[in-house]
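Asker: Handing you this structure, nothing more for now.
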């Protein structure tokens, strides 16, 4: 027997990683909600909620800020704003606060540290991609789980931009109906 014939058996392959219950499905075509909602408006800014796409286990939405004047200082956008997480203490006034209140009273905001990735505790508001230009910036979020039937409040506040705490009331049926139209592409 030669030197290289005495190799140990290779270790077994690692187990397939568990996909968390809160993760957005990768092989599902979502159902869409066609409407865009104006969340808040000043003379120089319009904040909207749109691009709502629902899946069997949650939904994605986009918060978009449109400004009259070009955005020279973007601290409230991108990694400096929409995606930033805060510890205890005051939140800077130039940070856009955004959150949802479900009919069962549960609340999730972009200020929450959020549970660990291994936890299936909810609800969750998970930042997704963001992009924009001089007069527009959009930030997408994944929300898990689907809301219970009833009222779904969308709450925002942006003190530095003159937007006091504002609530837009939606009917969760819009999201739930869209989720019922989602199409799973592959049977497992």
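The values are calculated or read from the model by the stated rules, or taken from the named source; none is laboratory data. Worth saying up front: this structure is predicted, and the values here are computed from it rather than measured. In this analysis, Cβ positions are derived from the backbone assuming ideal geometry, glycine residues included, and neighbour counts consider all displayed protein chains.
Asker: Is it true that residue 112 is surrounded by 13 or more Cβ atoms within 10 Å (Cβ to Cβ) and assigned to a loop (DSSP other than H, G, I, E, B)?
Answerer: Considered against the rule, which asks whether it is surrounded by 13 or more Cβ atoms within 10 Å (Cβ to Cβ) and assigned to a loop (DSSP other than H, G, I, E, B), residue 112 comes out as yes.
Asker: Hey, any hits in segment 69-79 for a residue that's buried (at least 16 other Cβ atoms within 10 Å of the Cβ) and either within 16 Å of the chain's Cα centre (by Cα) or modelled with pLDDT of 85 or more (or both)?
Answerer: Yes.
Asker: Looking only at segment 22-44, which residues are in a strand (DSSP E or B), in contact with a helix residue (DSSP H, G or I) (Cβ under 7 Å, 6 or more places away or on another chain) and surrounded by fewer than 17 Cβ atoms within 10 Å (Cβ to Cβ)?
Answerer: 32 - this is the single residue of segment 22-44 that is in a strand (DSSP E or B), in contact with a helix residue (DSSP H, G or I) (Cβ under 7 Å, 6 or more places away or on another chain) and surrounded by fewer than 17 Cβ atoms within 10 Å (Cβ to Cβ).
Asker: Among the residues of segment 123-148, count how many are more than 23 Å from residue 162 (Cα to Cα), surrounded by fewer than 16 Cβ atoms within 10 Å (Cβ to Cβ) and in contact with a strand residue (DSSP E or B) (Cβ under 8 Å, 6 or more places away or on another chain).
Answerer: 2
Asker: Which one of 127, 147, 92 is within 18 Å of residue 53 (Cβ to Cβ) and outside any strand (DSSP E or B)?
Answerer: After applying the criteria, what remains is 147.
Asker: Another question, then. Exactly one condition in (1) modelled with pLDDT under 95; (2) surrounded by 10 or more Cβ atoms within 10 Å (Cβ to Cβ) is false for residue 90; which is it?
Answerer: (2)
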